[in-house]
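Inspection log for the structure reproduced underneath, given as structure tokens.
The values are calculated or read from the model by the stated rules, or taken from the named source; none is laboratory data. Because the structure is a prediction, the values reported are computed rather than measured. Cβ placement follows ideal geometry from the backbone for every residue including glycine, while neighbour counts extend to all protein chains displayed. Just the protein is used for accessible areas: all its heavy atoms, side chains included, with ligands, DNA and RNA removed. Shrake-Rupley method; radii C 1.70, N 1.55, O 1.52, S 1.80 Å.
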Amino acid sequence: MARAQTDLPRPQNQRPSQRMAEAPPIAPVAAEPPKRRKPRMMRQYDLIERVKTYNPNANEDLLNRAYVYAMKAHGTQTRASGDPYFSHPLEVAAILTNLKLDDATIVAALLHDTIEDTAATKAEIDETFGPEIAALVDGLTKLKKLDLVTREAKQAENLRKLLLAIAADVRVLLIKLADRLHNMRTLDFMRPESRKRTAEETLDIYAPLAGRMGMHEMREELENLAFQELNPEAFKVISERLAALAARNKNVVKEIERQLTKKLADRGIAADVKGRQKQPYSTWRKMERKSIGFEQLSDLVGYRVLVDTVEECYQALGVVHTTWQMIPSRFKDYISTPKQNDYRSVHTTIVGPGKQRVELQIRTRDMHEIAEYGIAAHALYKDGHGSPTEMLSRESSAYAWLRHTIELLSEGVNSEEFLEHTKLELFHDQVFCFTPKGRLIALPRKATAIDFAYAVHTDVGNSAVGAKINGKIAPLVSELSNGDEVEITASKSQTSPPSAWESVVVTGKARAAIRRATRAAVRTQYVSFGRQMVERLFHRAKKEYSDEKLQGALPRLARHSIDEVMAAVGRGEMRASDVARAMYPDYKEERVTRVAPPKPESGWFGLSKVKSLIFRVPDGKDVSGAIPIRGVSGELPVRFAPSGGAVPGDRIVGIMTPGEGITIYPIQSPALKAFEDTPDNWLDVRWDVEEESPQRFPARIKIHSVNEPGTLAQVAQVIAEHDGNIDNVRMERGSPDFTELTIDLEVYDLKHLNAIIAQLKAKDVVAQVERVNE
């Protein structure tokens, strides 16, 4: 809806289809909004008359009391335009009367800013108007005291509160959208920075939300008002060209309407056919999406064909397709497969009269009401349906989707993530895919098989290992198309998805689930890590450990569960000795000293002469109990020393770094000196590598080579011939005749590394080779 039309009154006693039928076929889009006339503020009797046109049994006393209460509460408050503030809730209520909503919703619209902007309280409204209306008003009230740093965090927390209120009562959503629509209609009076912020929020959240709820008319008006604010130059140019096109094609549009109507009437189908020009924002978005100019758009005028029954929809389609040539790629049947927002219609494009492309939407008049007004098309004021929320949960898949989405997004997500995921979920463009059993799954465009798996069920997504698309094996990252049949292969052995999936998926549900699973997996690792550290300390101190005894000590550790304690130890936030003191107040920490590592052999750092890493306590007794590791893919968060790595065959030690996990060092690494003062962070570890499935591990060598052509090629050839892998090479000229090469390798074990070093030493161009751990 163009901005020039937003202040026009809408007839109150007509169905939407009647309003459309009597409207001119194409209204020229104004390039500039008209000058604003100061409106007369609606009186009490005006409001009541508007409600009684569609609900003769309206509670006049309730409406009168709400009108007076809100007017007194706002008192002398004014808006940025200079109008009395009370004019705003009145206009919001008027918008909702156009949607034919119940008395409680109209009253809540009148009161929606009282708790937030006046001295009124929820308790007072509860007492005066009842708990139902008080709950609606409270759901629309922003949180006043938010101890948050960023504006985005505050916006997200207010959005979270609003969506949770919407999940409890759908009328909160309808009032909020009407509130936002009137604010956008009066946007010109706000400060420039506030206008931009409000328009962006409208385009990101509220317009897509209206679209997801099937409220097409409101979505279009919100989009165009936001577009006009954010990109006024583009809005002006497109609006002018649309207006010029409408004037030029006026006779053509009428002729197409006439011919279509006559063809259908000849077959006994009484249809309303109306041409409708596309709106500035949708036109601009299509130009951007397809990277084309205005002249290349072929479907700027669409025609709606309204009939009485579903059977007549398909009869009309047959008439159209047998009369004019249809374009196969442009046919969609949303009656057989409705959109997630309850939209139903048959879309087709034909080469019509005058060889012009004509886009048709064929639907019943009831379908048209839902297409234009979405969830608001349901008669919420009628009795016998139960509560509006219960009724819509049964009858509207759009609202059922919204409630389910809100539940998923609200689970353990911080403010910024909640805002991000909500925006992702509200994208309007969709593809429709099917499970092998025929279940329809609607996803955003560019969605992958991973998104599909999470749409089926979170557990399916977490355990997905493969996919078949239309019967063919395909990668999980494959982008899906309309009509794809997708079968997900799951594995019980995979309980947590790869964290890299988060950057691949496009749905908020999938991204939130992957982040939750990743956090849970990391927490599980830290719990396991911390438990082993605690149990090792108790074994060394000859103290009995049991979960039951630790449970009683939780208050002294200021933790709510045993897992919290173990995770804190694993992350380095708490020492294992703190746990021991909490369980045994007489426990005295014994300082652990480390046997100094031997000096490396000359020439290169080979296998240490120390047979095993020993922790020695003051009484001279040795302690065993090494933690097995499996390269970098075991149950603990493990990584190798960044300078030199470690390979099977090395004697190794693990150093726990708070927040990072375990770093594996060879015992001869000089870097271990930095950790001599933190003995609690030292872990005895051993290799646990499967011989059947060899893995490569990092090592570093330094080569002093002759500076002549082909030296690097010879070195690389030796490494390649012995199945080594070069990860990185650095060269430094030490003198005119020699070059120092530092090579990061990946090898299977110490024997493999030694074989490579031996072969390098045999080369004439190599003066010296040594393994290094810096």
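Once segment 501-584 is represented by equal point scatterers at the alpha-carbon sites, with solvent omitted, what log10 I(q)/I(0) does the Debye formula produce at q = 0.19, 0.26 Å⁻¹?
Taken in order of the listed q values, log10 I(q)/I(0) reads -0.76, -1.21.
Where does the charge balance sit around GLU732 when Lys and Arg score +1, Asp and Glu -1, over other residues with C-beta under 12 Å from its C-beta?
That works out to +2.
For segment 184-294, what is the charge dipole size about the Cα centre, in debye to the nearest 20, if Lys and Arg each add +1 at the Cβ and Asp and Glu each add -1 at the Cβ?
Roughly 540 debye, rounded to the nearest 20.
In segment 190-315, if the dipole is taken from +1 on Lys/Arg beta carbons and -1 on Asp/Glu beta carbons about the Cα centre, which of THR198, LEU260, THR309 is farthest to the positive end?
LEU260
What does the accessible area of MET287 come to, in Å² to the nearest 10, when a probe of 1.4 Å is used?
40
Send over a whole-number figure in Å² for the accessible area per residue of segment 185-290, probe 1.4 Å.
Using a 1.4 Å probe on heavy atoms only, each residue of segment 185-290 averages 46 Å².
Quick check for me: using +1 on Lys/Arg Cβ and -1 on Asp/Glu Cβ, what's the dipole size of segment 35-115 about its Cα centre, in debye to the nearest 20?
The dipole of segment 35-115 has a size of about 520 debye.
Could you list, in their original order, any pairs among LYS492/LYS549; LYS254/LYS332; LYS278/LYS509; LYS72/LYS100; LYS437/LYS492 whose Cα atoms are separated by more than 30 Å?
Correct reply: LYS492/LYS549; LYS278/LYS509.
Please list the non-local residues whose amide H lies under 5 Å from the amide H of VAL431, H modeled 1.01 Å from N, same-chain partners needing a gap of 5 or more.
LEU443, ARG445
By how many nm would the segment from GLN768 to THR53 grow when fully extended, if each residue of separation counts as 0.36 nm and the alpha-carbon distance is taken off?
Answer, rounded to one decimal: 247.7 nm.
Considering only protein heavy atoms, what per residue accessible area in square angstrom results for segment 451-545 with a 1.4 angstrom probe?
Ligands and nucleic acids excluded, the result is 48 Å² per residue.
Select from segment 506-560 those GluC sites (Glu not before Pro) which occupy a DSSP coil region and have at most 14 other Cβ atoms within 10 Å, ordered by residue number.
Here the sparse-neighbourhood loop sites are GLU544.
Take the Cα of VAL252, step 7 Å along the line toward its Cβ, and report every residue of segment 272-311 whose backbone nitrogen sits under 19 Å from that point.
Of the residues in segment 272-311, 274-280, 283-284, 287, 293-304 have backbone N under 19 Å from the label point off VAL252.
Rounded to two decimals, what is Rg over Rh for segment 456-516 when you use alpha-carbon atoms and the Kirkwood radius?
Across segment 456-516, the Cα-based Rg/Rh ratio is 0.94.
Could you look at segment 242-323 and say what percent of its accessible area is carbon and sulfur, using a 1.4 Å probe and all protein chains?
49
Run the quick spin-label model on THR337 and GLN77: label points 7 Å from Cα toward the beta carbon, then report their separation in nm to one decimal.
Each label point is offset 7 Å from its Cα along the Cβ direction, giving 4.9 nm.
Which far-off residues, 5 or more places away or on another chain, put their amide H under 5 Å from the one on ASP650, with H placed in the peptide plane?
Answer set, sorted by chain and number: LEU750.
Once each part is reduced to its C-alpha centroid, what is the distance from segment 50-77 to segment 305-342 in angstrom?
Segment 50-77 and segment 305-342 have Cα centres separated by 44 Å.
Go through LYS161/LYS446; LYS176/LYS446; LYS176/LYS286; LYS122/LYS161; LYS122/LYS176; LYS446/LYS472 and tell me which ones have a Cα-Cα distance over 22 Å in this structure.
The answer is LYS161/LYS446; LYS176/LYS446; LYS176/LYS286.
Quick one: what are the phi-derived ³J(HN,Hα) couplings along segment 194-205, Karplus 6.51/-1.76/1.60 with θ = phi - 60°, whole Hz, x for glycine and proline?
Each residue's phi maps through the Karplus curve to give 5, 4, 5, 5, 5, 5, 5, 4, 5, 6, 7, 10 Hz.
What is the gain in length, in nm to one decimal, between ASP266 and GLN44 on full extension, counting 0.36 nm per residue of separation less the C-alpha to C-alpha distance?
Going from the current span to full extension adds 74.9 nm.
Could you give the length gained on full extension between SER329 and LEU164, defined as 0.36 nm per residue of separation minus the Cα-Cα distance, in nm?
The span from SER329 to LEU164 would gain 55.4 nm if fully extended.
Counting only protein heavy atoms and a 1.4 Å probe, tell me what percentage of segment 656-774's accessible area is made up of carbon and sulfur.
46
Within 15 Å, Cβ to Cβ, of GLY471, how many net charges do the neighbouring residues add up to if Lys/Arg are +1 and Asp/Glu are -1?
0
Using a Förster distance of 45 angstrom, determine the FRET efficiency expected from the C-beta separation of ARG733 and ARG519, and round it to 0.05.
About 0.40, to the nearest 0.05.
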